[in-house]
Amino acid sequence: MSGGVHPEGDPVGGGRLVGVRCLLVVTGSIAAYKAVFLLRQLQGEGAVVRVAMSAAATRFVAPLTFASLTGVPVITEATPPVEGEIPHVAGGREAEVVIVCPATANTLAKLAHGLADNVVSALLLAAPTRLLLAPAMNPRMWDHPATRRNVALLEQDGHRIVPPEVGAMACGEVGEGRLAEGARIVGAVVDLLGGLPLAGRRLLVSAGATREHLDAVRFLSNPATGRMGFALAAAGRELGAEVIVVHGPTEVAPPAGVATVGVVSAAEMLAALEQYVAGCDLLVMAAAVGDLRFPHRLPGKLPKGELPAALAVEETPDLLAALAAHKRPGQLFIGFAAESGDVEGHALAKLKRKGMDLVVANDITAPGIGFASPDNAATLLDGQGGRWEFPRTDKRTLARQILLQAARLLG
């Protein structure tokens, strides 16, 4: 086995929101400066944050402040379309959670009644996820019946409200209207995302292709890059799991914050997985393990003129079957089946033959997905009629969808 277990560098903080994509929407309140501190708290928990600002908010805090802290441009009224992407639509597309902080009475009213007269209100209507709203305003504005009706409507729509706190206001009054503390807002983000469904779980992932060498330079392999397996490892970390990924040779960098074991051949991959499988709760076999190997590896490089006319090959070990033979109660094993033709039929046969709990079926003939592509599409099957179809998306999102279903099954 080449290499050993080594932790990669953690993202900032490495906390409860590692890798979670957040959109922080700042509206026009004197409390807008506190959004800067919230941004740093979110980053401290490992979140990846982008910021959008209303025109009024930019009069309290300069967009450059947020752009400098996030490393990406802030979405404002002045943000131009890029390659046909409209800012108020594209801005929230990748976000897993949208946080409005501070949320003014005006913003709450617009959102409650579906108004979209600026980039921020339009962005909130176009957001593909529920919103977390942290209001801040004068106590009398917060207590006004219109504001209370708007808050009730927003809660009925499924949005989460982090109520303001009692305290001294910028206007000199004291009462309920002060923006909630950042720790409360961050905690609400974690709760909104369902906590960390794999917290306390151990996830073991295999990734990439294996190589079966004839000599020092010639080998049998396949086009797998390890992207899907690494996406699963990263998503597992985001969902709270302790992750080990065993991977074959690849030019793709492994994700931060997970332990990695580099191997070359199928036999080496099996040996590495056997070291860790007994202690894992969830095994996901995303590696494209080669089916054939040469009976003997030749030393050095065999001259071209000495290559035999025919090369003998034999089957590599069946990793999934070998690992499933020692599966203990409470473990969940997931395999991948990259197939053509009757994709789901072949995948279900593989599931039953190898003793898996779930199988992820991929159609290798579908254009734009699979090997070496940033995107993928799959169907998750349990062999008992359970079927979850995931349309084409980026591999990180697909990985998260697969692991969320696995977390439900693990309980």
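Of all residues in segment 163-179, one or more are part of a loop (DSSP other than H, G, I, E, B), surrounded by fewer than 18 Cβ atoms within 10 Å (Cβ to Cβ), of a type outside the set (D, E, K, R) and at pLDDT 90 or above. The condition of being within 22 Å of the chain's Cα centre (by Cα) and either buried (at least 17 other Cβ atoms within 10 Å of the Cβ) or touching a residue at least 60 places away in the same chain (Cβ under 8 Å) (or both) holds for only one of Ala378, Ala324, that being Ala378. When Asp191, Asp157 are checked against the criterion of being surrounded by fewer than 19 Cβ atoms within 10 Å (Cβ to Cβ) and closer than 23 Å to Gln43 by Cα, Asp191 stands alone in meeting it. Taking residues in segment 138-158 that are over 18 Å from Leu115 (Cβ atoms), and partners anywhere that are hydrophobic (A, V, I, L, M, F, W, C) and part of a loop (DSSP other than H, G, I, E, B), the pairs with Cβ atoms closer than 8 Å and at least 6 places apart or on different chains are Asn138/Met169; Asn138/Cys171; Pro139/Met169. Among the residues of segment 356-367, those that are more than 18 Å from Asp291 (Cα to Cα), of a type outside the set (Asp, Glu) and outside any strand (DSSP E or B) comprise Met356, Thr365, Ala366, Pro367. Here Gly341 passes the criteria (1) surrounded by fewer than 20 Cβ atoms within 10 Å (Cβ to Cβ); (2) part of a loop (DSSP other than H, G, I, E, B); (3) touching a Gly at 6+ places or on another chain (Cβ under 8 Å) except the one numbered (3). Among the conditions (1) farther than 18 Å from Asp215 by Cβ; (2) out of contact with any Gly (no Cβ under 8 Å at 6 or more places or on another chain); (3) modelled with pLDDT of 95 or more, Glu268 misses just one, which is (1).
Quick one: would you say Gly305 is exposed (fewer than 10 other Cβ atoms within 10 Å of the Cβ), among the small types (Gly, Ala, Ser) and either on the phi > 0 side of the Ramachandran plot or touching a residue at least 12 places away in the same chain (Cβ under 8 Å) (or both)? The answer is no for Gly305.
For (1) part of a helix (DSSP H, G or I); (2) within 30 Å of Thr260 (Cα to Cα); (3) of a type in the set (A, V, I, L, M); (4) at pLDDT below 90, each residue gets a yes or a no:
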position: Ala152; (1), (2), (3), (4): yes, no, yes, no
position: Glu155; (1), (2), (3), (4): yes, no, no, no
position: Ala216; (1), (2), (3), (4): no, yes, yes, no
position: Thr225; (1), (2), (3), (4): no, yes, no, no
position: Met228; (1), (2), (3), (4): yes, yes, yes, no
position: Gly240; (1), (2), (3), (4): no, yes, no, yes
position: Val245; (1), (2), (3), (4): no, yes, yes, no
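Considering segment 268-310, the residues that are acidic (Asp, Glu) and part of a helix (DSSP H, G or I) include one that is nearest to Glu339 (Cα to Cα), namely Glu268.
The values are calculated or read from the model by the stated rules, or taken from the named source; none is laboratory data. Here the structure is a predicted model, which means the values were calculated and not measured. A quick note on method: Cβ atoms are made from the backbone with ideal geometry, for glycine too, and the neighbour counts reach across all protein chains shown.
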